[in-house]
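K.L.:
Dropping the structure in here first, questions after.
The values are calculated or read from the model by the stated rules, or taken from the named source; none is laboratory data. If you're wondering where the values come from, they're calculated on a predicted model, not measured in any experiment. Please note: Cβ atoms are built from the backbone with ideal geometry, for glycine as well, and neighbour counts cover all protein chains shown.
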Amino acid sequence: MADEINAETVEEVSFIGGIVQEIVSSPLNIALVAIITFLVYKIFISRQEPKPSPPREPELPKLRRDFTASELKAYDGKQPDGRILVAVNGYVYDVTRGKRFYGPGGPYAAFGGRDASRGLATFSVTTSEVEYDDLSDLTPPEMDSVREWEMQFKEKYDLVGRLLKPGEQPTNYSDEDDEPTGSSDKSGTEHEKSESDGKKDDSKPEE
Ligand code: HEM
């Protein structure tokens, strides 16, 4: 039994010895082994080292105010702070995070600093030049599309405030504690009601 084990060990040692002999006999083999060892080491090290994450851009301070359409125009991402605002269905969202879409040179740059509602409803990436677009001529399916887009913006971006109609007074949000929830419905009676009694209520709880 002990003899058998001894014989196996001797065989193994001579096998490994043969390989070693083979490698050291040729400079090319030595070079190949060196390269393989280096590559294995590199792979091992790169797995261990945590990849440095790309530096995160500092977030802009949260904005909370209402805008007229002309005030909104300044927020197209071309200003030094790069902030981009987009209005959808009467509400203004901070879409700076989506600057690859809405920033200068982006596919939807025409919406940056503008009311995008009509463009979104009609599937056309065009800049709205009107002072205030009441969207009253949009068809019901187009208005549905606006509301769907509004839901997406609401989910993805921070609500900043409302898009003001000409002559409408901005809301003072300074003593607001809660996170804005931003809900709107231009065709709804609630919207009309809040206009008629002069209250601007965009902080009704989420459904
Ligand atoms: C050939 C036509 C189009 C193609 C292939 C296309 C493609 C895309 C893709 C792939 C995304 C998702 C990007 C991502 O999340 O990484 C996107 C988002 C979007 N698209 Fe388009 N699109 C087209 C036309 C339009 C048109 C006509 C409009 C305007 C009405 C539009 C408005 C948008 C908006 C607003 C977003 C969301 C960006 C965000 O997340 O803030 N797209 N599009």
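K.L.:
Could you pull out the residue among 145, 117, 128, 124 that is farther than 25 Å from residue 79 by Cβ and touching a Lys or Arg at 6+ places or on another chain (Cβ under 9 Å)?
P.N.:
Details: 145 fails: touching a Lys or Arg at 6+ places or on another chain (Cβ under 9 Å); 117 fails: farther than 25 Å from residue 79 by Cβ; 128 fails: farther than 25 Å from residue 79 by Cβ.
On inspection, the qualifying residue turns out to be 124.
K.L.:
Also: Of the residues that sit in region 81-135 and are within 10 Å of the ligand (Cβ to nearest atom), hydrophobic (A, V, I, L, M, F, W, C) and loosely packed, with under 15 Cβ neighbours inside 10 Å, which one is farthest from the chain's Cα centre (by Cα)?
P.N.:
123
This table checks each residue for (1) aromatic (Phe, Trp, Tyr); (2) within 16 Å of the ligand (Cβ to nearest atom); (3) modelled with pLDDT of 95 or more.
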position: 148; (1), (2), (3): no, yes, yes
position: 151; (1), (2), (3): no, yes, yes
position: 163; (1), (2), (3): no, no, yes
position: 166; (1), (2), (3): no, no, no
position: 178; (1), (2), (3): no, no, no
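K.L.:
Do we have residue 127 as over 23 Å from residue 168 (Cβ atoms) and out of contact with any Phe, Trp or Tyr (no Cβ under 6 Å at 6 or more places or on another chain) here?
P.N.:
On the way: over 23 Å from residue 168 (Cβ atoms): no; out of contact with any Phe, Trp or Tyr (no Cβ under 6 Å at 6 or more places or on another chain): yes.
Taking the combined requirement at face value, the residue does not satisfy it.
K.L.:
How many of the residues in region 33-58 are surrounded by 10 or more Cβ atoms within 10 Å (Cβ to Cβ) and within 30 Å of residue 115 (Cα to Cα)?
P.N.:
1
K.L.:
Does residue 157 satisfy being farther than 21 Å from residue 61 by Cβ, modelled with pLDDT of 95 or more and within 11 Å of the ligand (Cβ to nearest atom)?
P.N.:
Values: farther than 21 Å from residue 61 by Cβ: no; modelled with pLDDT of 95 or more: yes; within 11 Å of the ligand (Cβ to nearest atom): yes.
Taking the combined requirement at face value, the residue does not satisfy it.
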